[in-house]
Structures are given as C-alpha cells and as structure tokens.
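See below for the structure under consideration.
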Amino acid sequence: MDVKKKYAYNIGTMFVDDSKECSDGYDPLGPLGRRLRDASNAGFQSIEVAFPYDWSIEEWEKQLISYPLHLELINTPLGPNKEPGFASTEGETGRFLDGLRQGIRYCKALKCPRLHIMAGLAESGHEISFIENLQKASEMLESEGIIGLIEVISGGVIPGYFLDNFLKALDLVRKIGRENIKLQFDSFHLNCLGYSTEEIIQLMNDNASLIGYVQVAQTPNRTEITSPGGVDYEKLFKHISASPKLSHLTIGLEFKWQSVPDYLQLAGFLDKF
C-alpha cells in the first residue's frame, strides 16, 4: 500500500496493538518500534506524535533507522502536573522556555520541522504573555529552521484551554507577526466548536498563508475520517488537493479506529486526492 507522503500517521491515536502482551487488544503505551512498524506496514512515509518524550532521542534515532519514517510534528511537553503548556501563563516564562528547549532538542535531533507550542489554560493565561513568549519562541525556532504552531483546542478535549476560539487564535497569530509562527488547523476541533464543513473550507481559504499544518479526525468521537460524522472529508480533501494555496500542506491523521483498522479502505479514500 502506498500512502502519499502528505499524510502523517499519528502513532499515538492510530496505533492498535493486537500483540499477546496486551490483555485488551489496545496498548496506548506500547513500545515505539511496534508503533513505527505499524505505520510503515500501512504504507505511510510520515508520522506525527503529540508527546515523543516517553522515549529518549537515542531510542527514536535507532527505531527511525529500522523504520524509515519522517517525523512531521510534535508538541511541547506537558507540565509536571499535566498542564497543557505555559505559553500564555503569566509568571511562568521559565517553565515555558524549559519546555520549548526540550521540544527544540527533539525536533533538531529527529529532523522534525514543526513544533506545536502548547498554550496553557485560560484561567492563568494572558494575551500579552502569550504574544511575548511566542515572539521569543520564534527567534529560538528560526535559528533551527523549525516552524512553531499554535492550535485551537475545543473544550471537550482540554476544558478551559487558552486557545479555544478560532478567531482569537487568528488574531493572536497576526499580532505575533512572525513568519515561522503559524496555525495548526484542526478540522475536528473546529467542527466541535460548531463550524460546518463549508465554513471550515472558507476559513482555510481566507487564512491559507497563516496555516502551517492540518489535522483531521471525525466528530464527535475522533474516529476515522471514513466514518460518518460532522465533517464531510471527501469534500474537504477534494478542496485542499485542488487549491494551489493549500495542496502543499501536510495532513496529520489524528483519529482512533472504531474497531479493526481498515487500511485498504483508508488508502482507497486518500488515493482519490
């Protein structure tokens, strides 16, 4: 099976382990090698993962030699109490920079071109802190050739996230004003926030120059994009592939299989575009 390089397999959400070591058939903390093997066997050339930090850089390097896959995206790490980042958190610049440096180390070592910078929670978040921290991040990322991304995350996934509104995120990325800070455009979250397929397409068209990466999953339960739900992915992918402003974007498949993975059906769907 040959899945185009523009699609990235998420080794956290898409991985289903049916090995005998797993009593329930699903192993969310399975060894890195099995996750990469699954992606490679399914025909993918690219992968993404939210948090690569459970494995050392040395382990990643070893496994990526065995399974020649290109890592497209990682997130900055969670805080010590699972806080979703500190980019907007007033008085936490030190923690923000510590997480940013760790993310940059992994990106640099693993040749990952994009780093999603986690914004933190709204209750302790401030716009000025966010803008200033992202501008600092821009300078650090620029010297390594890495694109920084910010993402709107709906309340059902991270309640009280600082960036829970697309127009707010759009306004902030413009105020940050740096070429290497862009939007991570996630159709799952946007549909959860009430945007229709047609509105999602319009948002992509209107803001194409500010989008650095796309992620997809079906609503409401983050299932595979071939399943029924709130987003018409045939219409969305057809539009992306036909648009000179959007067709270059890498698309991360951040979904969970409802049951047994059907890669033949998925590849047949993706090959249309």
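The values are calculated or read from the model by the stated rules, or taken from the named source; none is laboratory data. Quick caveat: nothing in here was measured; it's all calculated off a predicted structure. Don't worry about glycine lacking a Cβ; one is built from the backbone with ideal geometry, like all the others, and counts go over all protein chains shown. Accessible surface areas use protein heavy atoms only, side chains included; no ligands, DNA or RNA. Shrake-Rupley method; radii C 1.70, N 1.55, O 1.52, S 1.80 Å.
Within the range 114-123, at least one residue is surrounded by 22 or more Cβ atoms within 10 Å (Cβ to Cβ), within 20 Å of Ala8 (Cβ to Cβ), of a type in the set (Val, Ile, Thr) and modelled with pLDDT of 95 or more.
If you go through the range 117-136 one residue at a time, how many are part of a helix (DSSP H, G or I) and under 14 Å from Lys175 (Cα atoms)?
The total comes to 10.
Pairs are defined by a Cβ separation below 9 Å, a sequence spacing of at least 6 or placement on different chains, a first member in the range 108-133 that is aromatic (Phe, Trp, Tyr), and a second member that is part of a loop (DSSP other than H, G, I, E, B); the pairs so defined are Phe130/Ala87; Phe130/Ser88; Phe130/Gly120; Phe130/Phe162; Phe130/Leu163. Looking across Ser138, Ser154, one residue alone is touching a strand residue (DSSP E or B) at 6+ places or on another chain (Cβ under 7 Å) and of a type in the set (S, T, N, Q). It is Ser138. In the range 137-153, which residue that is open to solvent by less than 50 Å² (accessible area, probe 1.4 Å) and in a helix (DSSP H, G or I) is nearest to Leu210 (Cα to Cα)? The qualifying residue nearest to Leu210 (Cα to Cα) is Ser138.
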